[in-house]
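The values are calculated or read from the model by the stated rules, or taken from the named source; none is laboratory data. These numbers come from a predicted model, not from an experiment. Here the Cβ positions follow ideal geometry from the backbone for every residue, glycine too, while neighbour counts run over all protein chains shown. Quick note on the areas: whole protein, heavy atoms, side chains included, nothing else; ligands and nucleic acids left out. Shrake-Rupley method; radii C 1.70, N 1.55, O 1.52, S 1.80 Å.
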Amino acid sequence: MKLSRRNLIAAGVAAAASPAIAAAAGTGSSNAARFSLGYAPHEGSFASRGGLLEQIAYAADQGFRAWEDNEARKRPVEQQEAMARALAQRGMTMGVFVASMPKWAEFRPLLGSNDDAEREAFLADVRTSVEVAKRLNAKHATVVTGFMDRKVPQDIQTGRIIDCMRRAGDIVAPHGLTLVMEPLNTRTNHPGVYMQSIAQGYAVARGANSPGVKILADLYHEQIQSGNLIPTLEACWAEVGYIQFGDNPGRKEPGTGEINYANIVRWLRGRNYGGVIGMEHGNSLAGREGEDRLVAAYRAIDQV
């Protein structure tokens, strides 16, 4: 068999999976060793293990040090508080939740439009998200900077979005919360969005000039839209506040696509990155086999 990077990564995943699966069979816990970086699963990553709190407990037993939950803002207060307690008891860090959810089917909001109403509604969501962050002990919240308004020149939209994000930063920064703007790809998932690359996020973050406004570098989206991942991270690093992984194509765990996540991990270690790395993807296999493979995939890149 001809050797390739894909074959080598697959072999590494299989090797990492062997002790994990063996331990699972014997003890019910696949691997108790803590990961060296803050990889963060989410509800659904370990769906076979039970509900939200059971999945958090299982993730902690596998050595995961963080958790993220896009839907946390919508959860009842009692569930938010229960999640926060579960994470604190396990010594896990809360990653992002979505502070203002776009209306995807309606291609809204238009934060760069001529109408202030959608910007004010966005800022109202940001204000109410501060209390959610406090309940969750979260330091970062995701925002999407809306969709393109075809009636307004892009440079004017950029100026308005910078102003809007500066105002948003003024709301959250006194509370120790940072909004991380997520650039999204338009080729596979989100046609029509305004922010389409980490470089574009860098320009907006620089313009907003606020400790409460940074970039969420989702490397799945960036690979599809622009590629050139490590040089882009290098150039924009001063404004990157949060990282998310997901391989391409397919948006599954590392090793299932074309992104060399082992090299990304090496680069992040070189920058002494100690933050959360969201596992913003699905599992390539269903059920417990897929969950074991997920853990093994992160063991493989964590050991480089």
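State the percentage of accessible surface on segment 130-277 attributable to carbon and sulfur atoms; use a 1.4 Å probe and exclude ligands, DNA and RNA. Please list the in-between numbers first.
Values: 2690 of 5690 Å².
C and S fraction of accessible area: 47 percent.
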Query raised in the report: What is the spin-label model distance, in nm, from ASN70 to GLU289 if the labels are put 7 Å beyond Cα along the C-beta direction?
Result: 2.6
Query raised in the report: If one takes the longest principal axis of the Cα atoms in the chain, at what angle in degrees, from 0 to 90 and to the nearest 10, does the Cα axis of helix 5-27 lie?
Result: 70
Requested in this report: Determine which residues of segment 254-289 fall in the zone a paramagnetic label at ARG34 would reach in this model, i.e. backbone nitrogen under 19 Å from the point 7 Å along Cα→Cβ.
Outcome: 269, 272-279
Report summary line: To the nearest 10 degrees, the tilt of helix 154-172 (Cα long axis) against the first principal axis of the alpha carbons of the chain is 70
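Per residue, how much accessible surface does the chain expose to a 1.4 Å probe? Answer in Å², no decimals. Before the final figure, lay out the partial values.
Values: 12850 Å² over 304 residues.
Solvent-accessible surface per residue comes out at 42 Å².
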Requested in this report: Would you kindly state how much longer the chain becomes between ALA105 and ARG127 on full extension, computed as 0.36 nm times their sequence separation minus their alpha carbon distance, in nm to one decimal?
Outcome: 5.5 nm
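Just to confirm a number: summing +1 for Lys and Arg and -1 for Asp and Glu over residues other than TYR220 whose beta-carbon lies under 14 angstrom from that of TYR220, what do you get? Let's see the in-between values first.
Numbers: positive: ARG187, ARG251, LYS252; negative: GLU182, ASP218, GLU222, ASP247, GLU253, GLU258, GLU280.
Within the 14 Å Cβ shell, the charges total -4.
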Requested in this report: For the chain, give the magnitude of the charge dipole about the Cα centre (Cβ charges: +1 Lys/Arg, -1 Asp/Glu; no others), in debye to the nearest 20.
Outcome: 540
**Report entry** Unit charges at the beta carbon, dipole of the chain: most positive-side option, ALA121, PRO102, ALA141
**Finding:** ALA141
Query raised in the report: Ignoring the sites themselves, what is the longest stretch of the chain with no GluC sites (Glu not before Pro) in a DSSP loop and at most 14 other beta-carbon atoms within 10 Å?
Result: 72-257
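Would you tally the net charge around SER210, using a Cβ to Cβ cut-off of less than 13 Å, leaving SER210 out, and scoring K and R as +1, D and E as -1?
Taking every Cβ under 13 Å from that of SER210, the sum is +1.
What relative contact order, as a whole-number percentage, does the chain give when Cα pairs under 8 Å and 6 or more residues apart are counted?
Working: 578 pairs, mean separation 57.5, N = 304.
RCO, the chain: 19 percent.
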Requested in this report: Under 19 Å Cα to Cα from LYS103, which aspartates and glutamates show up? Leave out anything in the same chain fewer than 8 places away.
Outcome: ASP69, GLU71, ASP115, ASP116, GLU118, GLU120, ASP125, ASP149, GLU182
